[in-house]
Amino acid sequence: MELTDFLQQAAVSWRERETGDERWGALLAPGQFLVPAATAKRLNLSMGDGLTRDDAGNFLAARHGFLVLRAMAKEERDGAADEAGTKTGVVLSVLPLVEIADDALTARLNLLPPSQDGGLPPFAELLARIGACGVAYGLDQEEVHRCYDQVLQNNVPVTNHLIASGNPPTPGRDAALRMEVEAGAIPGKLLEDGRIDFRERRIFVAVGKDQLLAVKTAATSGIDGIDVRGEVIVADDGADIAVQTTDLCAFNPEDGTIRATAPGVLSVAGSSFHVAAKQTIDGDVDFSTGNIRLQDNIEITGSVSPGFTVASRGDIKIGGDVQSAVVDAQGNIVIVGGVVGENSDIGAKGDVDLKFIERGKVTSGGSIHIRASAYHSDISAVGDIVGGPGSRFIGGDIRCGGSIAVESAGSVAGAGTTLAAGLHLSRYRRHAELRARYDELTTALTKLVQHRGKSNLDCEAYADIGEELNEMERELASLNLASDSERKTSRHIEKWRTKAEIHVSGVLRAGVAIRLGNAMIVVESDHTNSRIFQDAGSGDLVIGSLVKKEKPTFT
């Protein structure tokens, strides 16, 4: 039977059925002539995948494969009719001989039994056709032969059968640090009942001369892969760690060891190691001491008075309060008391631990641990923000790159409280800057319209403001705030989701603004025992129930 007759017969038979398909079991080649333009029009044939047209409108095969005819669905046929006025419709496509996966690491074979118009080519030609489809590596010829024999002997199709596999790349292992001493402002000791003993710290860890502090394991190179097309897939090498040492410690790049070169107190922040003597200041930092700026670790038994500064390249421990003062550490900060005052500014490259903060600011390159409460404060951490037992966050902007855990958040009075987790903090700051500038320009535009009137806006100022607003709208729409992704911008921000969560084990008050990465909601009613997370499917924020084992244990 000729192909044109076959198409005519199929078109007629499908006038009475809603769905179905038939396959023309002759192997086609790219550019092979299939149907004249006039016949395609007369039979109401539509072109599907794997077909193309020449300049005259004739249907041609666009790839190696088998012709497949599908009856149009009823809604597709509406409005279409053949020359006799009968609604009909057939979609032609080419089932590919070989389907190569998007990552080009696998290739799968489709073979159809011989049709009335021809059989399968000789096996050697079939292999050549497979090669012409792009398979140049990893082909299992024995598996292809088994499929070939099965189709010929049993007269049944073989579809989606794996016949070639590439070798995926093996990424290198990242460099890592193995600590040989326990150091840093850890959250505390985890007790058997799940609570944390916040009195148990690891700050001011004494070390001796030549003591091994840590060992760096070097990053390894990746092993390149190869896909079924024979193309090399370049593997990512492991990421390195830049070890920094200061003062009384040294790094040996040959064996990766980090050792103390003299007795002192160890401070660790990320991959930075600092060993220095500990300076103890008995009493308060005030006019009797002046500002404190030291290379050493600092322990202050009293408080820091208003207007003073305490700065260290290591750790800082303050036995009292910080009152409208500045405390800055390259290591970790522990404040046994609290932080009070709008001029209070606490900043650490490592972790920060404090009892409470009221109308102050704290920034951490690690995590922040607030044992009791935070009132109307600006709190920012690259890691997690964790409240202790009975902790309350009321008012202010509390944001971090990790997760947030607290006992209660917000207030009955509706004080503006924002809990934001899973954020890329520098992009979030940029987002806030853009929003502020956008509001400023919108106000200016409104005043300009009021001053000149809508009919007299053909001026340079109006055009400039409009152009800047349009640019900011585009940047705001594409700025990716999720800390889990390195992509700065995306046309589809909703696809970038965060695994960070917010846990409120007590009462979450109505009016609290919640943000996880790029998604934000305002809590409409009070909730208790809440776990807020981003749905993996929709990307929407979900306020679920927090089970007992999920209570704050972030480190």
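Only the coordinates and a few stated rules stand behind these numbers; no lab work does. Since this is a predicted model, take the numbers as computed values, not measurements. We place every Cβ from the backbone using ideal geometry, glycine too, and count neighbours over all the protein chains shown.
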Base-10 log of normalised Debye intensity for the stretch 200-271 (one unit scatterer per alpha-carbon) at q = 0.23 Å⁻¹
-1.03
Taking 0.36 nm per residue of sequence separation and subtracting the Cα-Cα distance, how much length would be gained by fully extending the chain between Glu182 and Ala536, in nm to one decimal?
123.8 nm
Any residue on another chain or 5+ positions along whose placed amide H is under 5 Å from the amide H of Ala325 is listed here as Gly307, Ser344, Asp345
Under the rule of at least 5 residues apart or a separate chain, name every residue whose amide H is placed under 5 Å from the amide H of Asp353.
Ile333, Val334, Ile335, His369
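Among Ile521, Ile335, Ile543, which comes first, second and so on when ranked by fewest other beta-carbon atoms within 10 Å? Provide the component values of the computation, followed by the final result.
Details: Ile521 15, Ile335 26, Ile543 18.
In increasing order of surrounding Cβ atoms, one gets Ile521, Ile543, Ile335.
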Distance in Å, no decimals, from the C-alpha centre of the stretch 44-61 to the one of the stretch 233-294 is 70 Å
Is there a pair in Lys209/Lys317; Lys317/Lys499; Lys361/Lys447; Lys209/Lys349 whose C-alpha atoms are over 30 Å apart, and which pairs would that be?
Lys317/Lys499; Lys361/Lys447
Order of Phe356, Phe123, Phe66 from fewest to most other C-beta atoms within 10 Å?
Phe123, Phe356, Phe66
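Report the extension gain between Phe123 and Asn58 in nm, rounded to one decimal, defined as 0.36 nm multiplied by the number of residues separating them, less their alpha carbon distance.
On the way: separation 65, 0.36 × 65 = 23.40 nm, distance 3.05 nm.
Contour length minus the Cα-Cα distance gives 20.3 nm.
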Could you work out Rg/(2.2 N^0.38 Å) for the stretch 98-165, with Rg from alpha carbons only?
1.07
Relative contact order for the stretch 370-436 using alpha-carbon pairs under 8 Å, separation at least 6, rounded to a whole percent?
28 percent
Zero-based 10 Å bins, Cα pair distances in the stretch 500-549, whole percents:
26, 58, 15
Tell me which residues come under 5 Å, amide H to amide H, from Thr261 once H is placed; ignore anything under 5 positions away on its chain.
Asp210, Cys249, Ala250
